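Structure incoming, see below.
The values are calculated or read from the model by the stated rules, or taken from the named source; none is laboratory data. Bear in mind that the values here come from a model prediction, so they are computed numbers and not experimental data. Glycine gets a Cβ as well: all are built from the backbone with ideal geometry, and neighbour counts include every protein chain shown. Protein only, heavy atoms only, side chains kept; ligands, DNA and RNA dropped before computing areas. Shrake-Rupley method; radii C 1.70, N 1.55, O 1.52, S 1.80 Å.
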Amino acid sequence: MSQGHSVIRVNLLFFAKSRELAGTAAYDEFPLVTTAGTLSGGEVLNLICEHFPDLAAIRNNVIIAHNEQYCEDLAAQLHLANGDEIAVIPPIAGG
Amino acid sequence: MNYLKLTFEKLEVGEINDLVAHESCGAISLFVGTTRDNFDGKTVVLLQYEAYEAMALKTMNNLCDEIRTRWPDVKNIGIHHRLGTVPVKEASVVIAVSSPHRKSSLEAVHYAIDELKKKRSCLEEGTVRRRRGMLRMEGEQGVHLVEKSQR
């Protein structure tokens, strides 16, 4: 079985500052070019920042969540499937 | 029972108290988090909250599980968080815990608010007043000032 590039389409959600910079609260079917459905959190974030260049300003301060799980370690590999949800969240928290 | 809610409406402390009250319980402990009028030497006008709702509720549910593991006699837990604008003095979060005797509910409520603050359940953004116009300020970590001119 060859490990080719596969395009996985995920749904993006943007919160707070990231929403302002991205210009949208949500973006459906965002294409991610993966290696057999796998990318690191950092790579996903890079692809998102390529498409929404204004996000670069906060790229190093955001956290992403994959299917409602925080990706604390951006080097860790994510197993992505079509329809997955990726949320971009600035690291600010209240109660 | 866990009574978890995210709402844009003003929080009613009495209502949340009544939700967690139970005939087997002799104690209800409450924490109410309110908007304070100052932060870092600046005057705060209001705080705004938004939530990634699915994650916020998941976080709160996990917190309830943790509470019940540590204090097995806790009966009901209520966590209500307000979204949108919360003016000074008004409640952004109410946590209520009932238990047969007071020790568990007092300790559990304390634990709950400390954990909730740590776990990023909701995003908080403050609007502060300066001499000229308003400055918008991001949360408590990584304060990022954005000049918002008012003419």
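Take B:Ser99 and decide whether it is open to solvent by less than 10 Å² (accessible area, probe 1.4 Å), over 29 Å from A:Ala87 (Cα atoms) and of a type in the set (Gly, Ala, Ser).
yes
If B:Gln141 passes every condition in (1) at pLDDT below 60; (2) part of a strand (DSSP E or B) but one, which one does it miss?
(2)
Follow-up. Can we say A:Ile58 is under 12 Å from the mean Cα position of the chain (by Cα) and surrounded by 17 or more Cβ atoms within 10 Å (Cβ to Cβ)?
Details: under 12 Å from the mean Cα position of the chain (by Cα): no; surrounded by 17 or more Cβ atoms within 10 Å (Cβ to Cβ): yes.
Against the criterion (under 12 Å from the mean Cα position of the chain (by Cα) and surrounded by 17 or more Cβ atoms within 10 Å (Cβ to Cβ)), A:Ile58 does not qualify.
Just one of (1) outside any strand (DSSP E or B); (2) in contact (Cβ under 8 Å) with a residue 40 or more places away in the chain; (3) within 24 Å of B:Asn62 (Cβ to Cβ) trips up A:Ile86, so point out which.
All conditions are met except number (1).
Residues checked against (1) under 27 Å from B:Phe39 (Cα atoms); (2) more than 13 Å from the chain's Cα centre (by Cα):
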{"position": "B:Asn62", "(1), (2)": "no, yes"}
{"position": "B:Arg70", "(1), (2)": "no, yes"}
{"position": "B:Leu83", "(1), (2)": "yes, no"}
{"position": "B:Pro87", "(1), (2)": "yes, yes"}
{"position": "B:Val94", "(1), (2)": "yes, no"}
{"position": "B:Leu106", "(1), (2)": "no, yes"}
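Which is open to solvent by less than 20 Å² (accessible area, probe 1.4 Å), closer than 28 Å to B:Ile79 by Cβ, among the polar types (S, T, N, Q) and at pLDDT 95 or above, of B:Ser104, B:Ser121?
From the options B:Ser104, B:Ser121, the qualifying one is B:Ser104.
Given the condition assigned to a loop (DSSP other than H, G, I, E, B), within 12 Å of chain A (Cβ to nearest Cβ) and at pLDDT 95 or above, answer yes or no: does some residue in the stretch B:43-62 qualify?
Scanning the stretch B:43-62, I find no residue that is assigned to a loop (DSSP other than H, G, I, E, B), within 12 Å of chain A (Cβ to nearest Cβ) and at pLDDT 95 or above, so the answer is no.
So which residues in the stretch B:72-95 are in contact with a Phe, Trp or Tyr (Cβ under 8 Å, 6 or more places away or on another chain) and not in a strand (DSSP E or B)?
If the condition is that a residue be in contact with a Phe, Trp or Tyr (Cβ under 8 Å, 6 or more places away or on another chain) and not in a strand (DSSP E or B), then B:Asn76, B:Leu83 are the ones that fit.
Test of understanding: among B:Asn38, B:Asn62, B:Asn17, which residue is under 15 Å from B:Glu115 (Cβ atoms) and open to solvent by 20 Å² or more (accessible area, probe 1.4 Å)?
Just one listed residue meets the conditions, B:Asn62.
Within the stretch A:14-27, can you find the residues that are out of contact with any Leu (no Cβ under 8 Å at 6 or more places or on another chain) and farther than 12 Å from B:Leu123 by Cβ?
Within the stretch A:14-27, A:Glu20, A:Gly23, A:Thr24 qualify.
A quick yes/no check of all residues on (1) within 14 Å of another protein chain (Cβ to nearest Cβ); (2) under 18 Å from A:Cys71 (Cα atoms); (3) open to solvent by 80 Å² or more (accessible area, probe 1.4 Å); (4) in contact with a Pro (Cβ under 6 Å, 6 or more places away or on another chain):
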| site | (1), (2), (3), (4) |
| --- | --- |
| A:Glu20 | yes, no, yes, no |
| A:Tyr27 | no, no, no, no |
| A:Ala36 | no, no, no, no |
| A:Ser40 | no, yes, no, no |
| A:His51 | no, no, yes, no |
